[in-house]
Amino acid sequence: MNVFVSPFNNPFINLALEDHFLRQGADLPLAFFYVNRPCVVLGRFQNPWLECNLPYLVENDIWMVRRQSGGGCVFHDEGNLNYSFIYPEGMINRSRGVELMKKAFSKAEIPLDISPRHDLWLNGKKISGSAFKQTKDACFHHGTFLVSSDMDKLEESLKHTIIPKESKSIASVRSKVIKLQEVFPGVTIQDVIDLVSHELNSIPQTLDGSFLSLPEVQKSFSQLTSWEWLWGETPAFSVGDLVVHKGFLKEPFEARFTFENLKTILPASELNHLFPDFSDQEQKRQEVF
C-alpha cells in the first residue's frame, strides 16, 4: 500500500486532496497522512452554532471547516495527525483502518482499544475519532490521532455557541480525550507516520505542489470553502422564533441567516455572538491558490 504525506497545513487543501484520491486520484488502496493548522472540523450533517465556540475560533485564529464525511466535530492543530485509509470497492470494511493502527501500535507496546464507533482509545480515553465515506467505487476511513495537541484549545473550541431550540443536525458524542504524549512523552507525529508505514511495508512519499494545479482538486477546494457548504449545509434548526434551513431563514422572510439580514431583528450583542467576523480566515485560506 502506498503512503502519501501532505506538505500542506491548510485543511481545505488536505480535504480536497483526500477527495481527489477517493474519486479519481491514484491506485488504491493507499494511506494518506496530513497535519492541519488549528481548525475545528464539522461532520457533514452538523450545526456549527451547536458544535463549536464561534467567537473563540475567531479570537484565536482557529478555522472552521466542514468535511464530506459524517460523524462528530473534532479539533485539529499541529499536534494532531490526520490519517486516511482509502480502499477500492472490493475492500470496503469500516474496521480495517483502525485494526491496522491498533496492530502497528501494539508492536511498539502501545495498547490501543477499538470502540464500537471505530474510534481508538488509550487508557480509557479517546485518542482518535474517525468517520467513513463511501462512493460507488471506493471508500475512506479517516480520523484524528492526538499526539501533542493543545488540549485547552481543543476543549474551548468545542463548546457550544448556542443550543438551538430545535435542531435536525447530528450532535457530536462527547468523550474524555487523551493525547499520546501524556502517556508516552517524546513521541512525535513523524514517529506515528513511520510506525504505521512500517506496518504497511511502505516508505512515506511527500506530495508536491503539482497536485494543487489539478482541476478536480481546485474544484473540491472551491466547494469546501464556499458559504453554501460551510454554513448553507447546516441542517434545519431554530433560534428563538427564527427558523433556519440550509442557511436560509424561513420566517419571517426568505434570506440568508447572516449578520446583515438580522440587523433589524436581533440586538447587536446577540448578533456579534452568532456571527463573529470570519473575513480574515476567508482571506487566509485562499492564499495558497
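No lab work stands behind these numbers, since they all come straight from the coordinates. What you are looking at is a predicted structure, and each value in this text was computed from that prediction instead of being measured. As a convention, Cβ positions derive from the backbone with ideal geometry for all residues, glycine included, and neighbour counts pool all protein chains shown.
With the Kirkwood sum run over all distinct C-alpha pairs, region 1-101 has a hydrodynamic radius of 14.6 Å.
Taking 0.36 nm per residue of separation and subtracting the current Cα-Cα distance, fully stretching the chain between R174 and Q218 would add 12.5 nm. When Rg is the radius of gyration of the Cα atoms in region 215-265 and Rh is its Kirkwood radius, what does Rg/Rh come to? With Rh from the inverse mean 1/r over Cα pairs, Rg/Rh is 1.11. With the Kirkwood sum run over all distinct C-alpha pairs, the chain has a hydrodynamic radius of 19.8 Å. As a rough footprinting exposure proxy, the listed residues K176, K165 were ranked by other beta carbons within 10 Å of their own, and the order from fewest upward is K176, K165.
Can you tally the net charge around G72? Count Lys and Arg as +1, Asp and Glu as -1, for every other residue whose Cβ sits under 12 Å from the Cβ of G72. Around G72, the surrounding residues sum to +3. Using the alpha carbons alone, the radius of gyration of region 101-237 stands to its Kirkwood radius in an Rg to Rh ratio of 1.00.
Shown here for region 104-163: GluC sites (Glu not before Pro) in loop regions (DSSP other than H, G, I, E, B) with at most 16 other Cβ atoms within 10 Å, namely E109.
Using the Cβ of V41 as centre and a radius below 9 Å, the other residues enclosed give a net charge of +2, where K and R count +1 and D and E count -1.
Add +1 for every Lys or Arg and -1 for every Asp or Glu among the other residues with Cβ under 11 Å from the Cβ of D113, and state the total. Summing Lys and Arg as +1 and Asp and Glu as -1 gives +2.
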